[in-house]
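First the structure, in the form of structure tokens, and then the observations on it.
The values are calculated or read from the model by the stated rules, or taken from the named source; none is laboratory data. Predicted, not measured: the structure shown is a model, and the values here were computed from it. As a convention, Cβ positions derive from the backbone with ideal geometry for all residues, glycine included, and neighbour counts pool all protein chains shown.
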Amino acid sequence: MKTSPFLGIVFGLAAICTLTPAPGVAQTSATTPYTPPRTRDGHPDVQGIWQALNTAAWDVEDHHASLGVPAGRGVVEGGAIPYQPSALAKKQENFAKRATLDPESRCYLPGVPRITYMPHPFQIVQQADKVSMLYEYQHAVRYIYMNGNPHPRGPIEWWLGDSRGRWEGNTLVVDVIHFNDLTWFDRAGNFHSDALHVIERYTPTSPDHMLYEVTIEDPKVFTRPWKMSMPLYRRQERNSELFEYQCNAYLIEQEWNNPASTLFEKR
Amino acid sequence: MSRRVVAAITALTVVLWVLVLAPGPAAGQAFWPKDTPKLPMATTWIARKAKLPPYTPRRTPDGVPDLQGDWSGAGGDNNSVLEEHEYIDVTTPAQESFVSDPRDGKIPYTPWALAKRNEILAGLARGWPGESGDRLYTSPGSFCLTAAPVFSFDAQEIVQKPGYVIMLSDDAYRVIPTDGRPPISQNAKFWLGNARGRWEGNTLVVEVTGLNGKGWFDSTGQFYSENTRMVERWTLVDANTIDYEVTVEDPTIYTRPWKMNFPKRRAGTGPSGAPRGISVASTLPPVNNDPYANELWETACYEGNTESLRSIHSLGYKWFTGVTPPK
């Protein structure tokens, strides 16, 4: 039987669609068989300088471009963040007033996971009792303790939360709680409360790639837990190193002699 | 000092700062009575160091001296005063100079730079004798900036990896390449500069260039410039003590290179409580059963000090932009 050329095109398109990952899902897959090298302590070695290469810093959901903002696919699995109705209204208000309300505009520590996909590199240093995340942004540090201590008893409100890690196979799993309610997920006003619970999964998928998956739980703001995922890339430049982005210093210096500055007002 | 005590003192200090308008709302402060014996610094330390027997540190698997571990030191707090002085007030007891060379303990400024330094000192408005009454500059440290590696960054833990030495604190880090790579262009300036390390015998030598010259060594306006080169030498002199030495070179503001020396003590192996003054006497490690005692917890200094930022600004202090010596 002779096949119609039209049907061939349809089948061809179907094949392409099948091979194309769903939007929001990172192209490196956790199921890719890859065995990373080991540290002296016998754990997967994920040390080095890493960076996200996407537009999540501007908006973790699908978005079009505007001045200074590149368009991009969201990193939220399923497309949209499942806000409760009142929280969605607050997100929209945040977006409208983002130029002044975004905590990044004050150079505050940006929270987790936002600090991971800021447009700056970060360096991972592993020791037996902890994994240290050194961020170029604001010289910020985050210690992911793996020393057997549970989360300290609260109440504690930290900008970067309290991080406790463990290895599941080749995956570094980090449980983060004890957040304040002052950080956002991006520059588009996506937000959380102090009930935020973040579970990060860092899975090496090649010598130069990791899959970064984040589960977000916050019953005060969302109707259900939701996930982000994205690849992280090892910086390939020879002699790559972290420099500094001392955001608060640049901001204070710029605003010090600005009579119209709002930096020194109470808010 | 435990982190919780530091946090409590920080909170208390912020309150006091607002009440008495004293600069320097930072952690690690103590309130010193007038009869506090002069705190020992470089002179005492150099004399004690001279009596120590030679020491060969153990090596890492990569064959370089092993400086790893948790450290606490004589590094300054925000009220630190670099040169020798008598008792000034409760924040500032009598103390020897951090400067070991020249022997008089004074930074060898050029005449122009010394005049500038004295102008800053007279305008601190801390209620100290000899002030002009003007409010000129407050310590850049008041804004929780991580500036020059000395004093403003306190290496609470040292980690070594092939090709790197990493220094960690509760609010910042230094990553120092030791693989021989060249520094970045001197046109690029940074608050912490650009550091390159190498091993010389038992010593980690770190050259810092590319400084932006906007930080101070202490809280009283002892400055460097964007032309300054600092050469740090980190040497274990016994199992639990690092001699920290830094040579500061800058012909545009100093008449000759000068040095500071102070010890860093392995955490938990010496007297605790006093944030300043060298502590070289060996005592039994204090027992600390808190399983979290060795963890470094978030301090969020800048985020927590927005009130003092507002206060300093409203009091009319200027922002220190560094010094530009005449050609």
For this session: Mind listing whichever residues of region A:132-168 are of a type in the set (A, V, I, L, M), facing chain B (nearest Cβ under 9 Å) and farther than 22 Å from A:TYR117 by Cα?
Result: A:ILE156
For this session: State whether one or more residues within region B:32-43 are at pLDDT 85 or above, assigned to a helix (DSSP H, G or I), surrounded by 12 or more Cβ atoms within 10 Å (Cβ to Cβ) and within 19 Å of the chain's Cα centre (by Cα).
Result: yes
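Every residue, every condition in (1) touching a Leu at 6+ places or on another chain (Cβ under 9 Å); (2) within 16 Å of B:ILE158 (Cα to Cα); (3) among the acidic types (Asp, Glu), yes or no:
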position	(1), (2), (3)
B:GLY193	yes, no, no
B:ARG198	yes, yes, no
B:SER219	yes, no, no
B:ILE242	yes, yes, no
B:TYR254	no, no, no
Problem set entry | Hey, B:ARG103 of a type in the set (D, E, K, R) and within 25 Å of B:LEU309 (Cβ to Cβ) or not | no
Exercise. With respect to the numbered conditions (1) outside any strand (DSSP E or B); (2) in contact with a strand residue (DSSP E or B) (Cβ under 8 Å, 6 or more places away or on another chain), which one is the sole condition not fulfilled by B:SER219?
Worked result: (2)
For this session: Please tell me if B:LEU192 is crowded, with 20+ Cβ neighbours inside 10 Å, facing chain A (nearest Cβ under 8 Å) and not β-branched (Val, Ile, Thr).
Result: yes
Exercise. Which of the residues that make up region A:137-187 are in contact with a strand residue (DSSP E or B) (Cβ under 7 Å, 6 or more places away or on another chain), among the small types (Gly, Ala, Ser) and in a loop (DSSP other than H, G, I, E, B)?
Worked result: A:GLY161
Exercise. Of everything in region A:244-267 that's under 30 Å from the mean Cα position of the chain (by Cα), of a type in the set (D, E, K, R) and farther than 19 Å from B:ALA147 by Cβ, which residue is modelled with the highest pLDDT?
Worked result: A:LYS266
Exercise. Limited to region A:231-267, what total is found for residues that are assigned to a loop (DSSP other than H, G, I, E, B), in contact (Cβ under 8 Å) with a residue 60 or more places away in the chain and within 9 Å of chain B (Cβ to nearest Cβ)?
Worked result: 6
Problem set entry | Residue among B:ARG126, B:ARG198, B:ARG117, B:ARG135 that alone is under 26 Å from B:ILE242 (Cα atoms) and either within 11 Å of another protein chain (Cβ to nearest Cβ) or among the basic types (Lys, Arg) (or both) | B:ARG198
Seminar exercise, completed: B:ARG174 vs (1) within 13 Å of the chain's Cα centre (by Cα); (2) facing chain A (nearest Cβ under 10 Å): all pass except (1)
Exercise. Of the residues that make up region A:17-40, is at least one small (Gly, Ala, Ser) and modelled with pLDDT of 95 or more?
Worked result: no
Problem set entry | Answer from A:PRO119, A:PRO110 - the residue that is assigned to a loop (DSSP other than H, G, I, E, B), more than 14 Å from every other protein chain (Cβ to nearest Cβ) and either closer than 26 Å to A:GLN254 by Cα or at pLDDT below 95 (or both) | A:PRO119
Problem set entry | Checklist (1) assigned to a loop (DSSP other than H, G, I, E, B); (2) modelled with pLDDT under 95 applied to B:ILE46, failing item | (1)
